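The values are calculated or read from the model by the stated rules, or taken from the named source; none is laboratory data. Please read all numbers here as calculations on a predicted model, not as lab measurements. Every residue, glycine among them, receives a Cβ derived from its backbone with ideal geometry; neighbour counts consider all protein chains shown. Calculation scope for accessible area: heavy atoms of the full protein, side chains included, ligands and nucleic acids excluded. Shrake-Rupley method; radii C 1.70, N 1.55, O 1.52, S 1.80 Å.
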Amino acid sequence: MRFLLAGLLAIAAGAVAFLLLGVADTAVTASLQSAARGPASGFSATVHPGTYAVFSLEGAAVSDVSVTAPDGGRLAVTPSSEAFTWGPHREGLQVGSFEVPMGAGLTDYRVAATPAAGSGEVTLAVTTFDVVGFNRLVASGAIGILVVNVGVAAALLILWPPRASSGRPGRRPSRPTPAPPEAG
């Protein structure tokens, strides 16, 4: 029985981790598909105050990302280069992030990037969804589920006392039959 429970715990951990990773990939894909997007040469993104991430949807590197406010001022962009997967077998690259200041309201900002040499055509996407941070969180959760369930399964195998065997599987050991009282 303990081997069955340990096996079920390990299988359940794998299934839940696999399901969690699949759901996470769906969330990332949905976020990127609904994000403001356009060519690296520049596009307009309607944003509100908050932190935004800029992605290269093809995974192509860029050497510079610029974000220009409607008044012509430029926002500081923190460059990054963190790869991730999304959609059916697609590689993306988080290339930067920027902060839209409070009081800006819903306004159009111009987002542009300079593709790295040899990158070809680059499509950018801008969203408040931090794909890389989310993927790290999901991976940590999946690893945590696996570690806990496999640890409990190992504890079951180690700590659960084995049954005394009577030589016949599935039977309790028989007690000796008491001798009949002597007549006397």
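Here the relative contact order of segment 1-91, from alpha carbon pairs under 8 Å that lie six or more residues apart, stands at 26 percent. For GLY87, the residues whose modelled amide H falls within less than 5 Å of its own, excluding neighbours fewer than 5 places apart on the same chain, are THR29. Distance between the 7 Å Cα→Cβ label points at LEU106 and LEU157: 5.7 nm. For the chain, the fraction of 1.4 Å probe accessible surface lying on carbon and sulfur atoms is 63 percent.
Among THR127, THR85, THR46, the residue with the largest mean-square fluctuation in a Gaussian network model of the chain, with springs joining Cα atoms closer than 10 Å, is THR46. Note on LEU20 and ASP64: with the Förster distance fixed at 22 Å, the Cβ-Cβ geometry gives a FRET efficiency of about 0.05.
Model label sites at ALA139 and GLU82, defined 7 Å from Cα along the beta-carbon direction, differ in position by 0.9 nm.
Note: relative contact order over the chain, using C-alpha pairs below 8 Å and six or more positions apart, is 32 percent. Quick one, which of (1) 46; (2) 21; (3) 35 is the actual percent of Cα pairs over 30 Å apart calculated for this model? Of the listed options (1) 46; (2) 21; (3) 35, (1) comes from this structure. Could you work out [θ]222 nm for the chain from helices alone, using -39500 (n - 2.57) per DSSP H run of at least four and dividing by all its residues? Round to the nearest 500 deg cm²/dmol. Rounded to the nearest 500, it is -12000 deg cm²/dmol.
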